[in-house]
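Colleague: Have a look at this one before I ask anything.
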Amino acid sequence: MTNTSDDSQYAQSGVSGQGAEDALQGLVRHILPTRTLNPAYPCKIDSAHYANVVDFGQGQGVAFCTDGVGTKIIVAEMLGRYDTIGIDCIAMNVNDVICVGARPVSMVDYIACSHTDPNIFSALGEGLAEGARQSGISIVGGEISQIREIIQGIDLIGACIGHVAIDKINTGKNVRPGNIIIGLASSGIHSNGLTLARKVLLGETIDQQKNKINEFSHDLNRSLGEELLEPTRIYVEPVMEMLEADIRIQGLAHITGGGMGNLLRMEAENIRMVLDRFPEDIPPVFSLIQDYGEIEDAEMFEVFNMGVGFCLMVENASDAESVLAIAKKHQVPAEAIGFVEACQGKEVTLPKQGLVCRDKKFIPV
């Protein structure tokens, strides 16, 4: 059985990938021309990458990105626990910035809310501070917007800047056949696909989810809510050490919404990224979601990270060994999960699962 249109379970749960793509196209046709309005500070990345870089002159660039925690905040609200969700907000941003070869420097946060409970905001601050500590960045400001007419609860979003030398920008344009793909383990679901995960594991309605959020799972050895709230892993320290070492890193990918299809963001053309050694012992939460929801492999690899939260494409086996050694030093499980070969166009394949992704969607081969 194949999902050939946007009739996936994720779409049925309320998140339409095709709808988001259509909306994005309507937005960017107006936004993209603004890149030429300030020629003194040109943008250096043309493609839809994880972050963009503005050239500040003298060979120096500033990377920019923004992201939020999505509906993971609903899990925090159900559990009444807000002290880790800030880590997710930091992680989703800094993990994107390092994908262009930049070192994250600073962030601002934006909190939209229907109420301002001091205890909740203190807990949010605790998580943000911990995420900043793990990333080695500062939080220099933010905004609280009380918009009860629009939002019920809280939404948390951040924007991050980083520093990169212009000649060190990495967009994956140098990825080529023969490169080895290294996968760094995720800590779980991270901050993507929570709408589908909640629907499958907890129930269709918010009331059903609240009733089940504290249910203990023997497969997970903790409650369902604790599993879903597990903070997103921050990859800044190990990846920056890799980038600053004598390792030929050709491309970097943060595996977020879009799953392993994120590898298609590499700017290189005529490459096939073959994930022939993708870990078989994926974290149990993904098996639970797939089994309970009767979800096809294709959709699982489109929506979730499936246990691999970050990927690096390196030149050869020697570079792979160096990456694995640094990951081990930082206690981040990592392994070689595939390689790059030549093809017409650009695609990601999962031979063991019999899947291929050419245009953001996995289909059987």
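What follows draws every value from the coordinates through simple rules; no lab data is involved. No experiment lies behind these values; they were computed from the predicted model shown. FYI the Cβ positions are ideal-geometry reconstructions off the backbone, even for glycines, and counts take in every protein chain you see.
Colleague: Please work out the Kirkwood hydrodynamic radius for the chain, using every pair of different C-alpha atoms, and report it in angstroms with one decimal place.
Modeller: Across the chain, the inverse of the average 1/r is 21.1 Å.
Colleague: At 25 °C and 0.890 mPa s, grab the translational diffusion coefficient of the stretch 180-364 from Stokes-Einstein with a Kirkwood Rh over Cα pairs, rounded to a whole number in µm² per second. Spell out each step's value before the answer.
Modeller: Details: Rh = 17.2 Å.
In µm²/s, the coefficient is 143.
Colleague: Among DSSP bridges having both ends in the chain, what percentage is antiparallel? Round to the nearest 5.
Modeller: Of those bridges, close to 80 percent are antiparallel.
Colleague: Continuing with this model, one more query. Please give the charge dipole size of the chain, origin at the Cα centre, charges +1 on K and R Cβ atoms and -1 on D and E Cβ atoms. Round to the nearest 20 debye.
Modeller: 680
Colleague: Would you calculate a helix-derived [θ] at 222 nm for the chain, using -39,500 (n - 2.57) for each DSSP H run of n ≥ 4 and dividing by the full residue count, to the nearest 500?
Modeller: After summing the helix terms and dividing by residue count, I get -9500 deg cm²/dmol.
Colleague: Shifting gears a bit: Relative contact order of the chain, please, whole-number percent, based on alpha carbon pairs below 8 angstrom and at least 6 residues apart.
Modeller: 20 percent.
Colleague: At a threshold of 8 angstrom on Cα-Cα distance, excluding pairs fewer than six apart, so keeping six or more, what relative contact order does the stretch 303-365 reach in percent?
Modeller: 14
Colleague: Something else: If you average the C-alpha positions of the stretch 251-310 and of the stretch 346-365 separately, how far apart do those two centres end up, in angstrom?
Modeller: 10
Colleague: Another question, if that's okay. For the stretch 49-168, state what percent of all Cα-Cα pairs lands in each successive 5 Å bin, counting from 0 Å until the bin that includes the largest distance.
Modeller: Distribution as computed: 2, 12, 21, 22, 16, 11, 7, 4, 2, 1 percent.
Colleague: Could you calculate the FRET efficiency of Gln25 with Thr66 from 1/(1 + (r/R0)^6), where r is the beta carbon distance between them and R0 is 22 Å, rounded to 0.05? Display every interim value, and only then the final one.
Modeller: Values: r = 19 Å, r/R0 = 0.86.
Calculated transfer efficiency: 0.70.
Colleague: What are the DSSP H helices in the chain that stretch 24 Å or more along their long axis, judged by alpha-carbon atoms, and whose average Kyte-Doolittle hydropathy comes to at least -1.0?
Modeller: Helices passing the filter in the chain: 118-135.
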